[in-house]
1. With all pairs of different alpha carbon atoms counted, what Kirkwood hydrodynamic radius in Å does the range 83-151 show?
2. State the percent of C-alpha pairs, over all pairs in the chain, separated by a distance greater than 30 angstrom.
3. Once the cut-off is 17 Å, how many percent of the Cα-Cα pairs in the range 17-77 end up in the long-distance tail?
4. For the range 1-109, give the magnitude of the charge dipole about the Cα centre (Cβ charges: +1 Lys/Arg, -1 Asp/Glu; no others), in debye to the nearest 20.
5. Excluding residues on the same chain fewer than 8 positions from Lys142, give the aspartates and glutamates whose Cα lies under 20 Å from its Cα.
6. Counting only protein heavy atoms and a 1.4 Å probe, tell me what percentage of the chain's accessible area is made up of carbon and sulfur.
7. Quick one: of the DSSP bridges fully inside the chain, what percent are antiparallel, nearest 5?
8. Figure the gain on full extension for Ala13 and Tyr178 (residue separation times 0.36 nm, minus the Cα-Cα span) and round it to one decimal in nm.
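The values are calculated or read from the model by the stated rules, or taken from the named source; none is laboratory data. Treat the numbers as computed from the prediction; the structure is a model and nothing was measured. Glycine also receives a Cβ, built like all others from the backbone with ideal geometry; neighbour counts cover every protein chain displayed. Side chains are part of the model used for accessible areas, which takes the heavy atoms of the whole protein and leaves out ligands, DNA and RNA. Shrake-Rupley method; radii C 1.70, N 1.55, O 1.52, S 1.80 Å.
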Amino acid sequence: MNEPPPPWAALEALPAELEAMQPCVRGTVHPLAVVDGVLSLGEGSVIKAGTVIEGYVRIGSGCVIGPNAYLRGHCIVGDGCRIGHAVEVKSSIIGDGSAISHLCYVGDSILGEDVNLGGGCILSNFRHDAGEIRMLHGGQLKPTGRDKLGCVIGAHSRLGCNTVVLPGRVLPPSTRTYPGSTVSGVGDCM
């Protein structure tokens, strides 16, 4: 029986997928936003003032980005998403209908559909000892070959304000955290 690909494979596929993308803006980009790269923006989406887009970014339809958000690297943002004030998203995949409140950091992570991050959440992507990040896959903790890898958060999850998720964590669908939580394992969730 073949094991499905590991979660981090989706992040590794982003450069090839997005670097083939052509710029296409069907939404609205505020004149005080900066696009330094290739942007595909869906119909009805709005990028507010002060937002900076660097690299290759695909944003679906009906999204609101900013003000003052920073999307960089290779990012996919699904339909109907909200990325708030002073949020940084780096090389991540954000599922449809997800919301990332103000002052959050999302690094090298995958969020399922309808995920909500309260204000100040940090999805950390780097170990303080700069070691290789391991991630749960197929019931086992496996080496990823990566020194930058955030987390995978299942659909319909809700993280309370100021939650910190350590690198390489996999949170199942409908995960909940209390405000101010540090998630170092699944047992740290409600």
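1. Working: mean 1/r = 0.0785 Å⁻¹.
It is 12.7 Å.
2. Working: 2778 of 17955 pairs.
So the pairs more than 30 Å apart make up 15 percent of the total in the chain.
3. Details: 471 of 1830 pairs.
Tail fraction, whole percent: 26.
4. Here the range 1-109 has a charge dipole of around 400 debye.
5. Leaving aside aspartates and glutamates fewer than 8 places away in the same chain, those within reach of Lys142 are Glu3, Glu12, Asp108, Asp129, Glu132.
6. Working: 4740 of 8670 Å².
For the chain, the apolar C and S fraction of the accessible surface comes to 55 percent.
7. Details: 5 of 56 bridges.
If I count the DSSP bridges inside the chain, around 10 percent turn out antiparallel.
8. Values: separation 165, 0.36 × 165 = 59.40 nm, distance 3.28 nm.
This chain segment gains 56.1 nm when fully extended.
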